[in-house]
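Read the figures in this text as sums done on the coordinates, not as results from a lab. Computed from a prediction, not measured in an experiment: that's the story for all the values here. Cβ placement follows ideal geometry from the backbone for every residue including glycine, while neighbour counts extend to all protein chains displayed.
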Amino acid sequence: MSAALFEPYTLRSLTVPNRVWMAPMCQYSAEVFGPNAGVAGDWHLAHYGSRATGGAGLILVEATAVAPEGRISPADLGLWNDTQTEGLRRIASFVKAQGAVPGIQIAHAGRKAATQRPWLGRGPAPAEERWQPVAPSAVPFDEHHPVPTELTEDGIREVVGQFADAARRALAAGFEVVEVHGAHGYLIGEFLSPHSNRRTDAYGGSFENRTRLALEVVDAVRAVWPEELPVFFRISATDWLEEAGWTADETVRFAALLREHGVDLLDVSTGGNGGPARIPVGPGYQVPFAARVKAETGLPVAAVGLITESAQAEKILANGEADAVLLGRELLRDASWPRRAARELGAAVSAPPQYAWAI
Ligand SMILES: Cc1cc2nc3c(=O)[nH]c(=O)nc-3n(C[C@H](O)[C@H](O)[C@H](O)COP(=O)(O)O)c2cc1C
């Protein structure tokens, strides 16, 4: 018996061995100061490595900051210097050696930067570790976040360059997929949404202006990323706001533009930009947004969010709602979920030879 979940998937010249992929998840576990600041260490290697041995076809390494001020927490991974490239090289190389595809999400946290590691509480990082965040407009995310500094046009140009430099380093580290983080109310998503973007220059106001930074970043990343390798973009398809938020209609319109600009797959999430959002969280609740983008634009999509059961994941693919599924928390619970799903679906189960006794 075969399962759609375990069919290979080819984008450009890259073939991913199956359609069960690991969603990017911040570990907030890098050193904060010194020569190893933002460098992936033993935790990161064990964490990503075990999901690769567990059978995920593509590992998307967590939001990795393109600049120090673009970190969510002080302990985030970074890709703004060459020591950080070297730390990530071990992960890309190990993931690849397991037959999985190494990918990485590059990110700038914008107005949601400089927060405490989540398990140490809400709110800003301790004074000695924090910095002043930047954003499209001087509007705070909520009462736990500071008022950010509005980026100048020079500042915007610098950010675009930082994304390109980070992509170049990701490639040098051995990654085969780069994902631009445009979701969850971080910098690029903040520009997209009229809820957080109140600018009156060429980067605010109309749909064309709000999407300008995202497309400039995509162009800059595409220019340094090889033709034969795919670029992903993660979006929040809706802010879930009744007024003045980014909408699913805008996502569809924007997806068509992303496709023209060389994005190969849209990773469709939702929310995260604050305001009085009402989110109907439940199993697969974001899948319809991915399905709509795929149906209306033809752009390949990955679905994410409370996908936890093998039959559920298989149905999403078999129905043509998405080209792949991304699992987050379920892969934290069970690193070998893909192998379990293959067993449950009656598909051929592959494992590293060291684990062949336990198939
Ligand atoms: C601990 C944790 C860290 C996360 N970090 C990121 C991140 O770095 N980038 C991102 O786009 N989403 C991040 N997310 C969101 C996940 O990628 C995913 O979209 C979300 O958890 C929903 O999927 P799930 O229900 O399978 O967990 C994070 C989620 C968790 C639980």
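If you check L88, L120 for being within 16 Å of the ligand (Cβ to nearest atom) and surrounded by fewer than 22 Cβ atoms within 10 Å (Cβ to Cβ), only one passes: L120. Restricting the stretch 100-115 to residues that are away from the ligand (no atom under 14 Å from the Cβ) and of a type outside the set (K, R) leaves a set whose member that is surrounded by the fewest Cβ atoms within 10 Å (Cβ to Cβ) is A114. Scanning the stretch 124-144 for any residue that is of a type in the set (A, V, I, L, M) and assigned to a helix (DSSP H, G or I) turns up at least one such residue.
Among the conditions (1) assigned to a loop (DSSP other than H, G, I, E, B); (2) free of Cβ contacts under 8 Å to residues at least 60 places away in the same chain, H44 misses just one, which is (1). In the set (1) touching a residue at least 24 places away in the same chain (Cβ under 8 Å); (2) surrounded by fewer than 21 Cβ atoms within 10 Å (Cβ to Cβ); (3) more than 26 Å from V231 (Cβ to Cβ), G272 fails one condition alone, (3).
Would you mention how many residues in the stretch 148-196 are acidic (D, E), touching a strand residue (DSSP E or B) at 6+ places or on another chain (Cβ under 9 Å) and part of a helix (DSSP H, G or I)?
So the count comes out to 1.
For the stretch 316-326, what are the residues that are crowded, with 16+ Cβ neighbours inside 10 Å and away from the ligand (no atom under 16 Å from the Cβ)? Step through it out loud before you land on a result.
So in the stretch 316-326, the residues crowded, with 16+ Cβ neighbours inside 10 Å come out as 316-317, 321-326.
Across the stretch 316-326, the qualifying residue is only D323.
With the requirement that a residue be among the β-branched types (V, I, T) and either within 30 Å of A342 (Cβ to Cβ) or part of a strand (DSSP E or B) (or both), what does the stretch 47-89 give you?
Taking the stretch 47-89 as the starting set, the residues that turn out to be among the β-branched types (V, I, T) are 53, 59, 61, 64, 66, 72, 83, 85.
Answer for the stretch 47-89, where residues must be among the β-branched types (V, I, T) and either within 30 Å of A342 (Cβ to Cβ) or part of a strand (DSSP E or B) (or both): T53, I59, V61, T64.
Within the stretch 289-307, not a single residue is more than 20 Å from the chain's Cα centre (by Cα) and within 16 Å of the ligand (Cβ to nearest atom).
Pairs meeting the criteria (first residue in the stretch 202-231 and of a type in the set (S, T, N, Q), second residue crowded, with 20+ Cβ neighbours inside 10 Å, beta carbons under 7 Å, at least 6 apart or on different chains) are T211/L192; T211/F254.
Considering only residues in the stretch 327-348 that are of a type in the set (A, V, I, L, M) and surrounded by fewer than 16 Cβ atoms within 10 Å (Cβ to Cβ), the one that is farthest from V287 (Cα to Cα) turns out to be A348.
Taken over the stretch 327-351, the criterion of being within 16 Å of the ligand (Cβ to nearest atom), assigned to a helix (DSSP H, G or I), in contact (Cβ under 8 Å) with a residue 40 or more places away in the chain and touching a helix residue (DSSP H, G or I) at 6+ places or on another chain (Cβ under 7 Å) is satisfied by L331, W337, A341. Please go through the stretch 170-200 and pick out each residue that is more than 16 Å from the ligand (Cβ to nearest atom) and in contact with an Asp or Glu (Cβ under 7 Å, 6 or more places away or on another chain). Correct list: H195, S196, N197.
Inspect all residues belonging to the stretch 271-290 and state whether any of them is in a helix (DSSP H, G or I) and of a type in the set (D, E, K, R). The answer is no, given that none of the residues of the stretch 271-290 is in a helix (DSSP H, G or I) and of a type in the set (D, E, K, R).
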